[in-house]
1. Using a basic spin-label model with each label point 7 Å from the Cα along Cα→Cβ, how many nm lie between residue 89 and residue 10?
2. Computed FRET efficiency, Cβ-Cβ of residue 120 and residue 23, R0 22 Å: what is it to the nearest 0.05?
3. Taking the chain as a Gaussian network, where each spring joins two C-alpha atoms under 10 Å apart, which residue of 136, 88, 70 fluctuates the most?
4. What is the distance, in nm, between label points placed 7 Å from the Cα along the Cα-to-Cβ direction at residue 151 and at residue 74?
5. Which label belongs to the value computed from this structure, given these candidates for mean projected area of the Cα convex hull in nm²: [x] 9.2; [y] 12.8; [z] 13.7?
6. For residue 61 and residue 113, FRET efficiency with R0 = 25 Å and r from the beta-carbon atoms, rounded to 0.05?
7. When the chain is treated as a GNM, springs tying every alpha-carbon pair under 10 Å, which of 24, 40, 68 comes out with the largest mean-square fluctuation?
8. Quick check for you: which residues of the range 85-101 have the amide N under 16 Å from the point 7 Å beyond the Cα of residue 135 toward its beta carbon?
């Protein structure tokens, strides 16, 4: 059996000019386990939107394997069975050629400490995995089932 392990979590979201940056930071930090929230540092990148409006890209990442595992345990525990089933069904569309998984969450729900999948204006999560050879999507799917993200 191939040893598959998540090695990095990358999160990001766009903060529009009409949004409160601090509230979006709260939403983004709410997806992390409470014991990890103070350890996560946010990077901000200021950009200009299509119509000249200010936009901020807010990013945070985890590189420590133990923290990545803690994040996955917390995240999978916070997802209800309906969301896990949704992820399982959409799995192949959420996976890139390198085996990285992409999940999009509702910012407003995250602010309220709830996890809900959403495609528009989301909090984006990228889960990177380390593997020693090319794996089938079924092997990767099995890994995410073992860590509790999928049913």
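Here, each number is a calculation from the coordinates, and none is a lab measurement. All values reported here derive from a predicted model rather than from experimental measurement. Note that we place each Cβ from the backbone using ideal geometry, even for glycine, and neighbour counts take in every protein chain shown.
1. For the pair residue 89/residue 10, the computed spacing is 2.9 nm.
2. Values: r = 18 Å, r/R0 = 0.81.
Given R0 = 22 Å and the Cβ-Cβ separation, E is 0.80.
3. 136
4. 2.5 nm
5. Step by step, mean projected area of the Cα convex hull in nm² for this structure corresponds to label [x].
6. So, using R0 = 25 Å, E works out to roughly 0.75.
7. Taking springs between Cα atoms under 10 Å, the residue moving most is 40.
8. Only 88, 91-101 fall inside the zone, counting backbone N under 16 Å.
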